[in-house]
Amino acid sequence: MALPRQLRALPSWTIPLVLGVLLVAAPWLGISSGTRRLLLLTCILALLSSGLNLSFGYAGELALGQAAMYATGAYLTGYLAMHWVNDLALLVLVAAAAALVVGLVSGVPGLRLGGWSLAMTSFFLVLLVPQFLDLLEHYTGGAVGMVGIPRPRLFGAELSSLDMYVVVAVITVCWFALMRNLITSRHGVAFQVLRESPILASSLGISVYRMKLTAYAIGAIPAGIAGALFAYVDKYLAPHSFGFTLAVTVLAASILGGAKSIYGPFVGAAVMQYGPLRSTEFEQYTQIVYGIFLILAGTLVANGLAGLADRAVARLAARWRPTPDVLATGEAAPAGPAPDGPALPPLTGARLEVTDVRKRFGGLQALGGVTLTAVPGQITALIGPNGSGKTTLLNVICGYYRIDSGSIHLGDAEITGRSTHDVARAGVARTFQTPLFPQHITVREAVAAGAYSPRHVGMAAAILRLPRYRRAAAADRAEVDDVLRLVGAARLADVEAASLPLGTRRLLEVARALVARPKVLLLDEVASGLDEDEIDRLAELIRAIRAAGTTVILVEHNFRLVLDLADAIHVLAQSELIASGTPDEIENHPRVLSEYLGVRQEVHP
Amino acid sequence: MTPIWSGLSIGAVYALIAIGYNVVFIAYTTFNFAHAQLMMFAIFVTYWGLVVAELPVLLIFAIAAVGVGLIALLEEFVAIRPVKGAHAHLVTTLGMATLLDGTTRLIWGDQVLKVPAVGSDATFTLLGGRISVPEVVLVVSVVAIAVAMIVYSRRSLTGLALLAMAEDRDAALLRGINVKRLALGAFVFTGVLAGLTGPLVGPKTFAVSTLAAALALKGFVALAIGGFGSLPGALLGGFLVGLVESLTGRWLGSQLPTIMVFVVLLLILMLKPTGLFGTTRERMV
């Protein structure tokens, strides 16, 4: 009973570290040379699949280009070792850099279109490998292959095949450690947000394109390294080692181990090396087996072996240590601002000016010359019937839509036509009509995502766990705790955000927006679907946000709530502003009464 | 002039592949990696029918159409229907593509098989360039098929329902369109079309188990040039890719055509990622 609990209490990297040490020490644990070679090839395949996981599993872009980057690394290493300098450390670096370049060159155009164009572009790249090798026959040996690669040397000393095994194992362990650091950092959460909802990602200030490109390009690095290692291990390179079959093998290992996992690729690679890749009779049926495997894995298996393991661990943990049902206790004390919770720290608001904004969707006029101003420390409400253009206006401000004419200013800066992530970085945060929370992300991670770009910490700092990263992570944690306490959701910090009830998710969206310390906060129908108690708590929270100094724009159907909260109200109907004024003025405005509230009125000409 | 005729006729094949991609894209907003494999299968069936079994031509067309249509039906059931989302479909249809590649190799081996023409294979001079009868038939049929499909999609109720479905699946469903059956019909249609055109394509491409990968890529470039979902774009894109390939081979050497097509793909993605006829649809929140 006690053992599993102790195991769970260990830091999550303990077991992988022990396994990593075992991997490096394997030759001294009495394995045969055949097993050693299999482990070596497993490491190389694991490096390739791990790179694919970053782009496919985490950033959500299927890419098959790993094989091309691998080929680049291998051939470059082979050629340079023969004709320039035979130093493993240097050539591994060169191979990684060259693979990165290949990744960028194919990723920059491949990601422009989104969807499956990266998959096809990278697939194309793989099929071009033999053609390029042919074209550069003088250097690569063409179809015959490259022969005569010398034994590896490291800092002047020649490496035996045992030494080489240790080098490969150490490099692999190091790569997985770095990968683990990246994925468990806020960048890992950002990748998952990106995969599940590009819309949310860009509203958090994440450039979808840049982030996907980064994932794909970083994924190239282990492929290049693997290529360099392979060149030294086999000392003979031929085009058929780098073709489409390899691309599919890498994909199969990734899916088998779990595309959305850190260590899964190693397990997947091991299964592939010990199973199908070892037998020679298999060759004839390779494609058939892989094909069936991809169809089955794609339809049946959720996140491969890693997914199965996760579920098994969760089930065991639940048996040994039943977690209190947070949701059930949530009934007794529902989420909401605690009466004596911490007040919001002061926030700097900015004036938002929308001037004569027009937007048409084909023949439909969505905004016909809307002008309004929202000022810091005030709540500016936007009301109007469904389809009157309220959400369109928010989307226009956020940069989801390009406007046909008019201008939008934030403080002194013009934000017209800027992309969504730029607008978000300029200080505009928002909530959505349907709260957006990616699956499998805890409340804490989801809310902390709000701080991702306002207080950005580079990937290098995160991967190497530099002091800068540690400070930012600690500050994040404290701030998220504060904000969660403020919205009354502190107890829910470790629950999966997407599983919570609507009312709680709405409050969490506000929390996420607050963590970004916005200058302007856009709330889109934030009270819809809430019960009266929840609405009261929400109103209190919105007032606290106003008191902190932010500019709040509230799109809302609950007329009472709007009259209660707003300092200024703008009424949209049929894509135009029909009235603007204080709550008192709006409450008695004849056109508002007739068009929005549907109260019959005699019209005095 | 000969390379131009040759480019146009191989371009017609790419256009056919791109049209197949497009129909699936319209019906499912997804990408069928295995479409080129369907075409390749039809070509091998033609080879088998003409050379091995020596069947009458009409029967070969029928066998190819029904056979490949059934494979498409099977694919829809095992690789498209059970999963949702373009990326999941990429994996499953890639699986289907690999499976079909493997099956083809198992049955027919690795060597290049010459597929005879179903009719005359005479060559003649047209505007100063040599062109063969099968090539003329191929280009004319592909243009006719594309035009017929364009007219059909704009004039017929089924075509309009398909377009409505591509625009908004749920709204189409609410309008009383049997989305599932319509989509399945469209998918099987791509298989039947591949089957029917396979015998026309065979003499041009020959039958070889690596054909599908090459066709898939060139077809994709045609699609990217023309724009996703655009049938005229697919036609034009196909001819452009064919011409680039053929003219590069003629003037710059035999190693470069594929690389040149790749460069064209990179250029179009950089300069006009939506393609010539594609439209950007604005995102909705």
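A compact table of results
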| item | result |
| --- | --- |
| Reachable lysines, given that their alpha-carbon falls under 29 Å from the alpha-carbon of B:K114 and they are not under 8 places away in the same chain | B:K204, B:K218 |
| From phi via Karplus (6.51, -1.76, 1.60), per-residue ³J(HN,Hα) for the range A:472-477 in Hz, x at Gly/Pro | 4, 5, 5, 5, 3, 4 |
| Extension gain from A:T434 to A:S580, taking 0.36 nm per residue of separation minus the Cα-Cα distance | 49.8 nm |
| Prolate/oblate/rounded call for the protein assembly as shown, Cα gyration tensor, a/c under 1.5 rounded | oblate |
| Estimated 222 nm signal from helices in chain A, with DSSP H stretches of n ≥ 4 weighted -39500 (n - 2.57), rounded to 500 | -17000 deg cm²/dmol |
| Accessible area of A:C398 in the full protein assembly, 1.4 Å probe (Å², nearest 10) | 10 Å² |
| A:D533/A:N386 FRET efficiency (R0 25 Å; Cβ-Cβ; nearest 0.05) | 0.45 |
| Modelled FRET efficiency - R0 45 Å, B:R181 with A:T371, Cβ distances, 0.05 increments | 0.35 |
| Estimated FRET transfer efficiency when R0 is 45 angstrom, pair A:L593-B:D170 (beta carbons, to 0.05) | 0.80 |
| Additional length obtainable on full extension of the chain from A:V147 to A:A478, 0.36 nm per residue less Cα span | 113.3 nm |
| The range A:352-596: relative contact order as a whole-number percent, Cα under 8 Å and 6+ apart | 30 percent |
| Approximate spin-label separation A:A318-A:D422, in nm, with each point projected 7 Å along Cα-to-Cβ | 4.7 nm |
| Prolate/oblate/rounded call for the range B:2-271, Cα gyration tensor, a/c under 1.5 rounded | prolate |
| Dipole axis of the protein assembly as shown (+1 Lys, Arg; -1 Asp, Glu on Cβ), positive-most option in B:G242, A:G188, A:A231 | A:A231 |
| Relative contact order of chain A, pairs being alpha-carbon contacts under 8 Å that are 6 or more residues apart, as % | 17 percent |
| Residue-averaged [θ]222 nm for chain B, counting only DSSP H segments that reach four residues, each worth -39500 (n - 2.57) | -24000 deg cm²/dmol |
| Peptide B:97-108, shielding by other chains (average Cβ, 10 Å cutoff) | 5 |
| Candidate lysines for bridging to B:K180, where Cα separation is under 19 Å - those fewer than 8 sequence places away on the same chain excluded | B:K84 |
| A:Y596 - accessible surface, heavy atoms, 1.4 Å probe, Å² rounded to 10 | 40 Å² |
| Amide N of the range A:516-531 lying under 20 Å from the label point, which is placed 7 angstrom from the Cα of A:L502 along Cα→Cβ | A:523-531 |
| Amide H contacts under 5 Å for A:M146, placed H, 5+ residues apart | A:L237, A:A238 |
| Amide H contacts of A:I379 (H built 1.01 Å from N, under 5 Å, at least 5 apart or other chain) | A:D567, A:A568 |
| 10 Å Cβ neighbours from other chains, averaged over peptide B:83-91 | 6 |
| Cβ crowding within 10 Å averaged over residues, with B:227-240, A:17-30 ranked highest first | B:227-240, A:17-30 |
| For B:R130, residues with placed amide H under 5 Å, excluding near neighbours | B:T2 |
| Packing rank of B:84-93, A:304-313, where each peptide gets the mean count of other beta carbons within 10 Å, highest leading | B:84-93, A:304-313 |
| Packing rank of B:67-76, B:137-146, where each peptide gets the mean count of other beta carbons within 10 Å, highest leading | B:67-76, B:137-146 |
| Partner chain coverage, peptide A:117-128 - average Cβ within 10 angstrom | 6 |
| Beta bridge orientation in chain A: antiparallel %, DSSP, nearest 5 | 60 percent |
| Signed unit charges on C-beta, dipole axis of the range B:2-271, positive-most listed residue B:L184, B:L217, B:P3 | B:L184 |
| Net charge dipole size for the range B:159-285 [Lys, Arg +1 and Asp, Glu -1 on Cβ; Debye, nearest 20] | 100 debye |
| Among A:V144, A:A429, A:M211 - extreme Cα towards positive end, dipole of the protein assembly as shown, charges at beta-carbon | A:V144 |
| Inter-label distance, nm, simple model (7 Å from Cα along the C-beta direction), B:V147/B:D121 | 2.9 nm |
| Accessible surface of A:K519 - all protein chains present, 1.4 Å probe, nearest 10 Å² | 80 Å² |
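The values are calculated or read from the model by the stated rules, or taken from the named source; none is laboratory data. Since the structure is predicted, the reported quantities are computational estimates derived from the model, not experimental observations. Positions of Cβ are backbone-derived with ideal geometry, glycine not excepted, and every protein chain shown enters the neighbour counts. Please note that ligands, DNA and RNA were not included when accessible areas were found on the heavy atoms of the full protein model with its side chains. Shrake-Rupley method; radii C 1.70, N 1.55, O 1.52, S 1.80 Å.
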